[in-house]
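Q: After the structure tokens below, expect a handful of questions from me.
The values are calculated or read from the model by the stated rules, or taken from the named source; none is laboratory data. Here the structure is a predicted model, which means the values were calculated and not measured. Using ideal geometry, Cβ is built from the backbone for each residue, glycine included, and neighbour counts are taken over all protein chains shown. These area figures cover heavy atoms from the full protein model, side chains too; ligands, DNA and RNA do not enter into them. Shrake-Rupley method; radii C 1.70, N 1.55, O 1.52, S 1.80 Å.
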Amino acid sequence: MRYLPLTPDDRARMLGVIGAASVDALFADVPASARLAAPVDLPAHLGELEVERALSAMARKNRVAGEGPFFCGAGAYRHHVPASVDHIIQRSEFLTSYTPYQPEIAQGTLQYLYEFQTQVAALTGMEVANASMYDGSTAAAEAVMMAHRVTRRPRAVLSGGLHPHYAEAIATLAHVAGVTVVRQDAAVDAEADVVSAIDGETACVVVQTPNVFGTATDVTAIAEAAHAAGALLIVVTTEAVSLGLLKSPGEMGADIVAAEGASIGNGLNFGGPYVGLFATREKFIRQAPGRLTGETLDADGRRGFVLTLSTREQHIRREKATSNICTNSGLCALAFTIHLSLLGETGLRRLAALNHAKVRRLASALGEVRGVQVLTRRFFNEIAVRLPAPATEVVETLAARDIIAGVPFSRLAPAAGLDDVLLLAATETTADGDIEALTAALKGVLA
Amino acid sequence: MSMLNVGRPSRPEASGDAGFHSLTGGRGLLQDEALIFERDGWDKTGVDLPEAELGAEDLGELVRTAPIGLPGLSEPEALRHYVRLSQKNHAIDLAIYPLGSCTMKHNPRLNEKMARLPGFADIHPLQPQSTVQGALELMDTLAHWLKTLTGMPAVALSPKAGAHGELCGLLAIRAAHEARGDARKRVLVPTSAHGTNPATAAFVGYAVEEIAQTADGRVDVADLAAKLGPDVAAIMVTNPNTCGLFERDIVEIARLAHAAGAYFYCDGANFNAIVGKVRPADLGVDAMHINLHKTFSTPHGGGGPGAGPVVLSAELARFAPTPWVLHGPQGLSLAEHATGEAGASFGRLCAFHGQMGMYVRALSYMMSHGADGLRQVAEDAVLNANYVKARLGGVMSAPFDGPCMHEALFDDEWLDGTGVTTLDFAKAMIDEGFHPMTMYFPLVVHGAMLIEPTETEPKAELDRFCDALLALAAAAKAGEVDRFKAAPHLAPLRRLDETLAARKPRLRWRPQEAPALAAAE
């Protein structure tokens with residue numbers, strides 16, 4: 001077995017040092033009834049070649065996004081990642097290190113996390129950010145829990161444009177925390193409606209921009225209404241690249257930003273692992289979940305970085321912790337920070353502009369297909385359209401022609417009564433020919 | 001100059017000219033590295049992109065006008081920056097990483113290659129299911145391996161880390177009680193538990209009560225029996241426990257919990273000790289998370305991403321979070337909503353389907369080992385830990401007698417009178433080229449030092465490690481207090497002031513701050 005270095009001779013000599021007759025003697029505390037006499041019923045070990053063959057056969061059964069027209073978004077966006085990003089994250093010292101609990105020999109990880117926190121704070125327009133969360137949806141759920149701790153109020157209002165998976169992840173935690181979730185009906189462009197639902201018991205309003213239908217919203221007025229009522233505004237963003245073009249949540253008055261960062265540096269990966277971005281105001285930081293990296297000095301007075309404010313965390317506070325979170329999404333955060341360092345402000349703005357231009361082209365092309373109505377008016381890189389047929393059927397028909405046309409809204413929310421709504425995203429990876437192929441095929445299907 | 005028996009100097013001042021300083025502040029190849037924000041030329045970019053053909057006039061006031069504040073690097077500068085940073089990290093690929101309870105084993109590179117196949121890496125979670133049959137097959141195959149290895153009938157794959165798995169398990173348990181209209185209030189947790197256990201139970205709305213430990217480092221069954229009652233929702237027990245010991249009475253513990261109407265949640269962080277040798281189902285477990293980043297070798301990545309699938313008993317299975325894989329006449333599909341046959345599900349833990357990239361790596365690892373190899377994994381992990389315990393046990397005091405499982409626990413009694421603490425000893429290990437063991441955990445042992453070598457350490461590396469620790473122990477006993485108090489001497493940085501960091505938190509770079517290199521002068 002190529003990953004097991006001990007030889008039979010090593011084992012015998014080690015047993016001699018231990019003074020045990022056999023390895024099984026070391027398992028003496030296991031009740032005899034629970035000891036397996038033979039290997040479980042699974043295949044025996046395989047060489048690299050055989051494993052590679054078996055897994056490649058599975059991989060080949062999937063339609064790869066990059067191998068043809070492809071328009072899925074709805075919280076996961078396909079972007080180009082520079083080759084150097086994947087090279088760096090596979091450096092042994094990053095890939096095979098643990099959480100930086102020994103800061104003297106983990107400055108590499110700690111410094112990039114400090115840089116990551118600074119980049120995320122700048123990008124979201126917030127004062128501080130943590131060292132990342134599992135993904136955008138869990139960041140959003142933790143944000144609601146944090147608002148509940150800060151305000152000591154029991155109610156959260158979710159806008160109808162919030163990604164349904166995010167709303168469900170929030171509802172799961174809210175249920176056990178005793179927080180009532182008020183979920184507004186799915187609507188393409190009705191963020192302002194949350195204002196009427198804010199009352200004196202409201203801990204927070206959760207608004208997504210661009211929302212799940214692609215609509216970008218100025219949430220300034222919502223922030224003012226929330227603050228007037230003593231509630232916090234949580235802004236969710238599932239497409240981090242949009243922050244290169246749109247006003248930042250901080251500029252518009254957000255108290256907490258929970259975002260999906262996978263668009264920068266990370267691949268689609270069928271939904272994970274991704275990287276949650278979590279940013280807030282400095283005054284709330286001791287109520288924040290997750291790890292934080294801070295600056296300090298070493299014994300010689302040299303600058304260094306450590307994990308800090310850990311008295312919020314489970315390994316110190318146990319049942320009094322702000323969250324049960326132990327890990328962040330370290331390597332995905334590294335990919336994010338490398339890609340963003342490469343882009344810089346210049347590259348990010350250009351990338352965002354390219355995405356926006358691409359979906360403008362897509363929207364105008366779709367607008368010319370008979371029976372298709374573009375619903376989203378102010379968008380970044382994603383739009384919702386109404387089709388004259390159930391979106392699921394159209395998507396399946398086009399998939400059979402090797403065009404992945406987008407995500408039917410009913411896949412996310414079957415009971416919303418929006419079966420004819422299709423979500424389509426375009427990014428810098430979308431070729432003009434892909435848009436032409438889509439519209440031509442749609443014309444044929446809808447004729 | 002004194003030398004270790006592995007031929008390296010054991011006195012830091014002996015490894016170079018004492019008091020020597022370079023003119024630039026660097027230490028040979030180890031350079032101070034400024035933050036990306038402390039460089040000139042912020043408007044550079046390392047990504048060549050065309051200008052957009054259409055503008056953003058349609059967005060009006062929504063467009064950002066103020067600067068964002070992001071510096072850019074060309075590709076060569078980026079490579080240097082991150083490679084220089086990487087050289088300040090310890091890693092499994094450099095030496096043993098003996099963190100108890102963390103299972104820092106070798107990360108096979110085949111797993112990385114497999115996870116990067118475009119058929120896994122470049123597919124979208126919401127593509128039509130007919131176009132991702134291979135991805136669903138991979139999830140289904142991984143589920144089969146996990147269920148077979150644990151003997152459990154169901155698994156929820158989506159939890160994104162071990163603590164997320166605990167959350168999943170307790171949410172399923174709470175849903176099961178609620179479905180019976182049986183609102184229970186308490187969760188019992190041993191004093192030796194990971195901090196995530198009580199944190200999770202509290203997060204899910206339960207009062208946490210501790211179960212006492214016996215003098216031999218195990219759950220006090222009489223105390224458990226006394227604290228069980230009709231309002232106890234679950235017990236959370238780690239097995240093997242965090243003292244590195246198998247809970248001999250585990251079957252009785254499970255029976256008592258079940259008799260009280262409580263569920264047995266097992267923290268599976270230490271599954272590496274028993275994989276292929278013992279099936280948790282045979283111990284009476286109702287739910288257990290499996291850290292794919294521990295037992296099944298997916299890389300820790302400096303603190304994630306992890307993955308924490310939870311195996312579930314038949315009774316709990318229907319409360320599992322969506323999504324899960326279904327078999328049907330059209331092939332595989334996903335139950336994505338808590339309706340129909342998933343109607344009892346407690347809901348969704350996160351967007352999409354969990355950590356697919358980690359599923360691929362874990363399955364690649366499992367298939368490489370096979371049923372035979374996984375059994376050998378547990379045996380070698382336990383053998384390695386007992387070897388370390390035997391080699392160090394003559395000098396370092398162990399709180400509990402008898403063989404350990406996959407990790408060897410020592411206390412600080414043997415340091416009494418030396419003036420050296422567990423922390424000092426651990427920091428001195430850094431000077432000898434080793435990552436410290438887990439310290440001061442479990443909390444039940446004074447000055448705990450918890451060493452988990454894992455099965456992927458060769459005997460020679462274990463000997464090198466034990467020799468170094470024995471040399472350090474001799475130095476501590478010989479009164480070389482300065483070696484320990486001022487350690488580490490040879491790391492990229494000396495001991496860091498964590499109190500300062502917490503008292504005046506500086507969590508980001510700000511434009512008005514002085515550049516780092518100037519501050520170092």
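Q: Let me cross-check B:Arg116: its accessible surface, 1.4 Å probe, with only protein heavy atoms counted, in Å² to the nearest 10?
A: Rounded to the nearest 10, that gives 70 Å².
Q: Any idea which of B:Pro458, B:Thr418, B:Pro488 is furthest toward the positive side of the dipole for the stretch B:388-508, if Lys and Arg beta-carbons carry +1 and Asp and Glu beta-carbons -1?
A: B:Pro488
Q: Rg and Dmax of the stretch A:83-338, Cα atoms, in Å?
A: When restricted to Cα atoms, the stretch A:83-338 yields Rg and Dmax of 17.9, 59 Å.
Q: Mean separation of Cα pairs under 8 Å and 6+ residues apart, divided by the residue count of the stretch A:83-338: what relative contact order is that in percent?
A: 26 percent
Q: In debye, nearest 20: dipole of the stretch B:111-366 around its Cα centre with unit charges on the Cβ of K, R (+) and D, E (-)?
A: That gives the stretch B:111-366 a dipole magnitude of about 340 debye.
Q: Also, quick follow-up: Quick one: Cα centre-to-centre distance for the stretch B:423-498 and the stretch A:230-261, in angstrom?
A: If you average the Cα positions of each part, the centres end up 44 Å apart.
Q: Next up: Just the ratio, please: alpha-carbon radius of gyration of the protein assembly as shown over 2.2 N^0.38 Å, N its number of residues.
A: Details: Rg = 27.4 Å, N = 968, 2.2 N^0.38 = 30.0 Å.
Against the compact-globule rule of thumb, the ratio is 0.91.
Q: What does the extension gain come out to for B:Ala486 and B:Thr421, with contour length at 0.36 nm per residue minus their alpha carbon separation?
A: On the way: separation 65, 0.36 × 65 = 23.40 nm, distance 1.20 nm.
Taking 0.36 nm per residue and subtracting the Cα distance, the gain is 22.2 nm.
Q: Select from B:Leu334, A:Thr151, A:Leu243 the residue farthest towards the positive end of the dipole of the protein assembly as shown; place +1 on Cβ of Lys and Arg, -1 on Cβ of Asp and Glu, and compute about the Cα centre.
A: Checked the options; the winner is A:Thr151.
Q: Gain in length, A:Ala28 to A:Glu50, computed as 0.36 nm per residue apart minus the alpha-carbon separation, to one decimal in nm?
A: Full-extension gain reported as 4.3 nm.
Q: Based on the mean of other Cβ atoms within 10 Å per residue, sort peptides A:58-69, B:53-64 so the most packed one is first. Before the final figure, lay out the partial values.
A: Details: A:58-69: 18.7, B:53-64: 14.1.
Result, highest mean Cβ count within 10 Å first: A:58-69, B:53-64.
Q: Please report, in debye to the nearest 20, how large the charge dipole of the stretch B:83-132 is about its Cα centre when each Lys and Arg carries +1 at its beta carbon and each Asp and Glu carries -1 there.
A: Magnitude of the dipole: close to 180 debye.
Q: Would you calculate, for chain B, the mean residue ellipticity at 222 nm contributed by helices, counting each DSSP H stretch of 4 or more residues as -39,500 (n - 2.57) and dividing by all residues, to the nearest 500?
A: That comes out to -10000 deg cm²/dmol.
Q: Could you calculate the FRET efficiency of B:Asp216 with A:Leu36 from 1/(1 + (r/R0)^6), where r is the beta carbon distance between them and R0 is 22 Å, rounded to 0.05?
A: Efficiency, from the Cβ-Cβ distance: 0.30.
Q: Would you mind getting the Kirkwood hydrodynamic radius of chain A from its Cα pairs, rounded to one decimal in Å?
A: With all distinct Cα pairs of chain A included, I get 24.2 Å.
Q: Something else now. Order A:240-247, B:313-320 from most to least packed using the mean count of other Cβ atoms within 10 Å.
A: So the order, starting with the most tightly packed, is A:240-247, B:313-320.
Q: Fully extended, how many nm does the chain gain between A:His227 and A:His315 (0.36 nm per residue separation, minus their Cα-Cα distance)?
A: Numbers: separation 88, 0.36 × 88 = 31.68 nm, distance 3.38 nm.
Difference between extended and current length: 28.3 nm.
Q: I'd like the distance between the alpha-carbon centres of the stretch A:1-51 and the stretch A:285-309, rounded to an integer number of Å.
A: Rounded to whole Å, the Cα centres lie 42 Å apart.
Q: Also, quick follow-up: Counting residues in the stretch B:111-366 as N, plug N into 2.2 N^0.38 Å and put the Cα Rg over that result.
A: 1.00
Q: At 7 Å along Cα-to-Cβ for each site, give me the label-to-label distance between B:Thr339 and B:Leu30 in nm.
A: 6.0 nm
Q: Still on this structure, please answer the following. Which value at 222 nm does chain A reach when only helices count, each DSSP H run of 4 or more adding -39,500 (n - 2.57), with the total divided by all residues and rounded to the nearest 500 deg cm²/dmol?
A: -11500 deg cm²/dmol
Q: Follow-up. Express as a percent, rounded to the nearest 5, the fraction of DSSP beta bridges in the stretch B:111-366 (both residues included) that run antiparallel.
A: 45 percent
Q: Which ³J(HN,Hα) values, rounded to whole Hz and listed in residue order, are derived for the stretch A:150-162 from phi using the Karplus coefficients 6.51, -1.76 and 1.60 in 6.51 cos²θ - 1.76 cosθ + 1.60 with θ = phi - 60°, glycine and proline given as x?
A: Running phi through 6.51 cos²θ - 1.76 cosθ + 1.60 with θ = phi - 60° gives 5, 8, 6, 10, x, 9, 10, 9, 10, 6, x, x, 6 Hz.
Q: Please compute the average number of Cβ atoms from other chains found within 10 Å of each residue's Cβ in peptide B:110-118.
A: Rounded to a whole number, the mean comes out at 6.
Q: Ranked from highest to lowest mean number of other Cβ atoms within 10 Å per residue, what is the order of the peptides B:234-240, B:30-36, B:396-402, A:255-261?
A: My ranking of the peptides, most packed first, is A:255-261, B:234-240, B:30-36, B:396-402.
Q: So, one more: Among the listed pairs B:Lys88/B:Lys389; A:Lys61/B:Lys147; B:Lys44/B:Lys88; B:Lys160/B:Lys294; A:Lys320/B:Lys160; B:Lys427/B:Lys459, give every one whose C-alpha distance is greater than 18 Å. Display every interim value, and only then the final one.
A: On the way: B:Lys88/B:Lys389 30 Å; A:Lys61/B:Lys147 24 Å; B:Lys44/B:Lys88 26 Å; B:Lys160/B:Lys294 13 Å; A:Lys320/B:Lys160 22 Å; B:Lys427/B:Lys459 24 Å.
Pairs exceeding 18 Å: B:Lys88/B:Lys389; A:Lys61/B:Lys147; B:Lys44/B:Lys88; A:Lys320/B:Lys160; B:Lys427/B:Lys459.
Q: So if we plug the beta-carbon distance of B:Asp43 and B:Arg109 into 1/(1 + (r/R0)^6) with R0 = 51 Å, what FRET efficiency do we get, rounded to 0.05? List each step's numbers first, then the result.
A: Details: r = 38 Å, r/R0 = 0.74.
Efficiency computed from Cβ-Cβ geometry: 0.85.
Q: Can I ask one more? Within the protein assembly as shown, what percent of beta bridges assigned by DSSP are antiparallel, to the nearest 5?
A: 60 percent
Q: Given R₀ = 25 Å, what would the calculated FRET efficiency be for B:Gln512 paired with B:Leu23, taking r from the Cβ atoms and rounding to 0.05? Write out the running numbers ahead of the final one.
A: Values: r = 29 Å, r/R0 = 1.17.
For B:Gln512 and B:Leu23, the calculated efficiency is 0.30.
Q: If you place +1 on the Cβ of every Lys and Arg, -1 on the Cβ of every Asp and Glu, and leave all else neutral, what size is the dipole of chain A about its Cα centre, to the nearest 20 Debye?
A: Taking the Cα centre of chain A as origin, the dipole is about 260 debye.
Q: How far apart, in nanometres, would the label points at A:Glu282 and A:Arg370 be if each is projected 7 angstrom from Cα along the Cα-to-Cβ direction?
A: About 6.3 nm, to one decimal.
Q: Follow-up question, since we're still on this one. How high is the relative contact order of chain A? Use alpha-carbon pairs under 8 Å, at least six apart in sequence, and give a whole percent.
A: Result for chain A is 20 percent.
Q: Give the distance, in whole Å, between the Cα centre of the stretch A:105-146 and the Cα centre of the stretch B:99-166.
A: 25 Å
Q: Further question on the same structure: Please state the relative contact order of chain B as a whole percent: Cα pairs under 8 Å, 6+ residues apart?
A: RCO, chain B: 19 percent.
Q: I would also like to ask the following. Suppose each label sits 7 Å from its Cα in the direction of the beta carbon; what would the A:Ala431-A:Ala21 distance come out to in nanometres?
A: 7.1 nm
Q: Right, next: Among bridges DSSP assigns within chain B, what percent are antiparallel (round to 5)?
A: 55 percent
Q: As I understand it, the dipole of chain A uses +1 on the Cβ of Lys and Arg and -1 on the Cβ of Asp and Glu, about the Cα centre. Which of A:Pro39, A:Ala216, A:Ala389 lies farthest toward its positive end?
A: Among A:Pro39, A:Ala216, A:Ala389, the one farthest towards the positive end of the dipole of chain A is A:Ala216.
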